[in-house]
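Asker: Sharing a structure, written as structure tokens. Questions coming.
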Amino acid sequence: MLSFFKSARKSLTRVAALTAAMALAACQPVPVGGAGPKIDTSAPVPVALLVPSGSGSAGDDVLARSLENAAKLAIADLGNVKIDLRVYSTQGKPAGAQAAAIKAVDEGAKIILGPVFAQNANAAGVAVAARGVNVLSFSNNTDIAGGNVFVLGPTFQNTANRLASFAAKQGKRKIMVVNDRTPAGEIGRLAIERGVGNAGASVVARVGYEFSQNGIVQAAPEIAAQVRSSGADAVFMTADTAGALPLLTQMLRDNRVDPSVAQFIGLTRWDIPAATLALPGVQGGWFAMPDPALYQQYQSRYQAAFGEAPHPISGLAYDGIAAIGALVKRGNAGALTTQALTQGSGFVGVNGIFRLRGDGTNERGLAVAQIRNNQVVIIDAAPRSFGGAGF
């Protein structure tokens, strides 16, 4: 188990780094009422894509290429809607993102897609806020959301709301929260607590643990004792596969926590990497994920078009273009204003339905999955429209 803990961390270093960006503090972009320049929908709409190439990291270059490819794939699917995609490098740094955003708007961009990392997205948003240009960032850090900056990445709060609501409907209403004592772990804990409250259920116990192998080993008996003394019928964890999850779930089982009585629920994806699915500790666990059928279609099309697998977050670039295209198609000169972007009916992308909220966060339609016999089984399908299951 300890060796898996180490190998899992290495295999998801880059994805974990993106999630860890949630812990970054940021200065809010200046709020801009009704932000968004007027556009000519009869001509190609200039859209800037800010990518992390040029940072010196091979991983950033791979990510940049995948985001650009995904955007191009989405543009090809728009039919008569014409997008003039302009790609700008941020060098993976806030100063680079700031300069790229200013240059993009100077050159006529009507909206900005990206950047990925929270500090970079915040810098880009601040740089162009006074010019009324919206930024659809690929970050999942809600701290930077608001004003002219939206986050397209899956947020802890959206996932927590979906899972807590599903759990309550299954009679799991006494929730214990278990989190690692890291900035991201604390953000996750708060999201779970809000989600449980929103679902009308109760948090009956909380235990945090030091983010280390020894910390997990030492905390496991306390967690198990509190599960029993509190009468918790679910254990909602912030742990991810790149960190504590493999060891934590096994240690809880070793300390006689029965997942058939106290349901294991995960705030993060438990199916990446696929090797996680074979671990005894995660069997029976619930987690949320985008509509798998839609995402598999995207993976297949991307592979066929570009000869390689897409980066895990590249679908956000597709989603951003899909939203822009759907709005531009209506022929409204105000298609890229804040009011238009936050329409209640939302949009459909490769990750399923989603909509942007007035506070800069997002709401995504997620499926609830369970690990059974080393496989992912969907136990509650992702909704196909807002107002359906999970909303």
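The values are calculated or read from the model by the stated rules, or taken from the named source; none is laboratory data. If you're wondering where the values come from, they're calculated on a predicted model, not measured in any experiment. Every residue, glycine as well, gets a Cβ built from its backbone with ideal geometry; the counts of neighbours run over all protein chains shown.
Asker: Scan segment 288-323 residue by residue and report those that are hydrophobic (A, V, I, L, M, F, W, C) and out of contact with any Phe, Trp or Tyr (no Cβ under 9 Å at 6 or more places or on another chain).
Answerer: Correct list: ALA293, LEU294, ALA304, ALA305, PHE306, ILE321.
Asker: Of the residues ASP40, ASP60, which single one is charged (D, E, K, R), assigned by TED's automatic domain parsing to the domain that holds LEU336 and in a helix (DSSP H, G or I)?
Answerer: Residue meeting the stated conditions: ASP60.
Asker: One residue is enough: does segment 273-288 have a residue meeting the conditions buried (at least 23 other Cβ atoms within 10 Å of the Cβ) and farther than 19 Å from LEU252 by Cα?
Answerer: Yes: one or more hits.
Asker: Could I ask something else about it? Tally the residues that are assigned to a strand (DSSP E or B), buried (at least 19 other Cβ atoms within 10 Å of the Cβ) and not acidic (Asp, Glu), restricting the search to segment 371-391.
Answerer: Matching residues across segment 371-391 total 1.
Asker: Next up: Condition first: out of contact with any Pro (no Cβ under 6 Å at 6 or more places or on another chain) and assigned to a helix (DSSP H, G or I). Can you find one or more residues in segment 77-91 that meet it?
Answerer: No - not one qualifying residue is present in segment 77-91.
Asker: Would a scan of segment 330-340 turn up a residue that is modelled with pLDDT of 95 or more and on the phi > 0 side of the Ramachandran plot?
Answerer: Looking for residues that are modelled with pLDDT of 95 or more and on the phi > 0 side of the Ramachandran plot, one finds none in segment 330-340, hence no.
Asker: Can you name every residue in segment 341-370 that is assigned to a loop (DSSP other than H, G, I, E, B), in contact with a Gly (Cβ under 9 Å, 6 or more places away or on another chain), touching a residue at least 24 places away in the same chain (Cβ under 8 Å) and on the phi < 0 side of the Ramachandran plot?
Answerer: Hits for segment 341-370 are VAL350, ASN351, ASP359, THR361, GLY365.
Asker: Oh, and also: Between PHE264, PHE236, which is touching a residue at least 40 places away in the same chain (Cβ under 8 Å), in a strand (DSSP E or B) and not aliphatic (A, V, I, L, M)?
Answerer: Within the list PHE264, PHE236, the selection yields PHE236.
Asker: I want to confirm something. Restricting to segment 339-365 and keeping residues that are β-branched (Val, Ile, Thr) and within 22 Å of GLN297 (Cβ to Cβ), which single residue is surrounded by the most Cβ atoms within 10 Å (Cβ to Cβ)?
Answerer: VAL350
Asker: Could you check LEU336 against (1) crowded, with 22+ Cβ neighbours inside 10 Å; (2) closer than 27 Å to ALA130 by Cβ; (3) within 17 Å of the chain's Cα centre (by Cα) and say which number it fails?
Answerer: For LEU336, the failing item is (3).
Asker: Now a separate question. Look at ILE192 and say whether it is among the β-branched types (Val, Ile, Thr), touching a Phe, Trp or Tyr at 6+ places or on another chain (Cβ under 7 Å) and part of a helix (DSSP H, G or I).
Answerer: In short, yes.
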